[in-house]
């Protein structure tokens, strides 16, 4: 246990403006508490406070929210050479009979760290290129949402026009179609409603063209970073830059997940027993990282459609009496194992910093 190899543990309950901090002995006995501001001055003051009160050099900092309110503190503490652990929010059962306050949450962060196994510590997710992927995927989500809304709006306007426009609404809005709509001019004898409609058609066509180019540029950036972090990952069947980026973001760095089974639990692809009486079966896991689960799901559907080996597997399992959902669950578990082994092999420590 971590309590056996450290001199003290610092627990931090993070907030937008301030952080509550407690330093405690390996027995869990508090030594001192302090409240700091969530800025560089507060981080520097905390580091001095820690070294003033620490009973020894072996220190661990357990921070709640290392990728939200605590991200700045986690980076400052890691840069100072201290080990940072990612602490989850306390469960309701941990709070039972203790109440809720910032000092209590800081103490619970200390206790959560002391209970950790030394060999499998919850280190924060990696920064650097992984953070760049996360930003690009967030931007892609916004671009895709806006692109879908604009496409639906443009089709609705086309359906309200002449026969030619209604025919365009039924087909694909290709670059050629959008370019033609962007160049279209309103008729001279058009009334106000027609003029507004034509103006909105042109605006949406231009916005869709720009959105498509932004999405393509986003995909190119994702592909370049994925190729640097995990060479050869997108060469595998069914894995594109977007799915690969999400897998890398959730995987973070070698060592974060102790085994392929732990990675499967994180992805929500680990089988859950659903047996009763004479029925022995497993069902889909609806927990875990749902963004990672969607990426694995996309890979599985692509392989079921395009990969001859996967199609043969589906045919064989169907003949054995498995349902389509059960077959998909098995495939997602196999894909998760393959991804874990590929990333563990290709992502070297130089490409996967563990500091937050």
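General observations
- Matching option when the condition is under 20 Å from residue 47 (Cα atoms) and free of Cβ contacts under 8 Å to residues at least 40 places away in the same chain, among 77, 84, 61: 77
- Put simply, of 154, 178 the only residue that is over 20 Å from residue 217 (Cβ atoms) and touching a residue at least 24 places away in the same chain (Cβ under 8 Å) is 154.
- Residue identified as on the phi > 0 side of the Ramachandran plot and either in the same structural domain as residue 114 (by TED's automatic domain parsing) or at pLDDT below 95 (or both) among 28, 11, 42: 28
Residues are listed down the side, and each one gets a yes or a no for (1) within 25 Å of residue 265 (Cβ to Cβ); (2) surrounded by 13 or more Cβ atoms within 10 Å (Cβ to Cβ); (3) in contact with a helix residue (DSSP H, G or I) (Cβ under 9 Å, 6 or more places away or on another chain):
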| site | (1), (2), (3) |
| --- | --- |
| 294 | yes, yes, yes |
| 300 | yes, yes, yes |
| 304 | yes, yes, yes |
| 309 | no, no, yes |
| 315 | no, no, no |
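- Single residue of 32, 24 found to be surrounded by fewer than 20 Cβ atoms within 10 Å (Cβ to Cβ) and in contact (Cβ under 8 Å) with a residue 12 or more places away in the chain: 32
- Test: residue in the range 227-239 that is over 24 Å from residue 129 (Cβ atoms), out of contact with any strand residue (DSSP E or B) (no Cβ under 6 Å at 6 or more places or on another chain) and in a loop (DSSP other than H, G, I, E, B): yes
- Taking the range 88-195 as the region of interest, the helices (runs of 4 or more DSSP H) fully inside it that hold 1 or more residues being assigned by TED's automatic domain parsing to the domain that holds residue 219 and surrounded by fewer than 17 Cβ atoms within 10 Å (Cβ to Cβ) are 129-159, 163-170, 175-183.
- Listed by first and then second residue, the pairs with beta-carbon distance under 6 Å, at least 6 apart or on different chains, first residue in the range 262-274 and under 14 Å from residue 329 (Cβ atoms), second part of a loop (DSSP other than H, G, I, E, B) and modelled with pLDDT under 90, are 264/270; 267/288; 268/285; 268/287; 268/288; 270/285; 272/285; 274/281.
- Some residue of the range 253-261 being modelled with pLDDT under 90 and over 15 Å from residue 341 (Cα atoms): no
- The range 56-80 - residue that is out of contact with any strand residue (DSSP E or B) (no Cβ under 9 Å at 6 or more places or on another chain) and not in a helix (DSSP H, G or I) and, of those, surrounded by the fewest Cβ atoms within 10 Å (Cβ to Cβ): 57
- Residue 284 in contact with a helix residue (DSSP H, G or I) (Cβ under 7 Å, 6 or more places away or on another chain), crowded, with 16+ Cβ neighbours inside 10 Å and not assigned by TED's automatic domain parsing to the domain that holds residue 347: no
- Every residue from the range 25-51 that is closer than 19 Å to residue 81 by Cα and part of a strand (DSSP E or B): none
The values are calculated or read from the model by the stated rules, or taken from the named source; none is laboratory data. What you see is a predicted model; the values in this text were computed from it and never measured. So basically every Cβ, Gly included, is an ideal-geometry build from the backbone, and we count neighbours across all protein chains shown.
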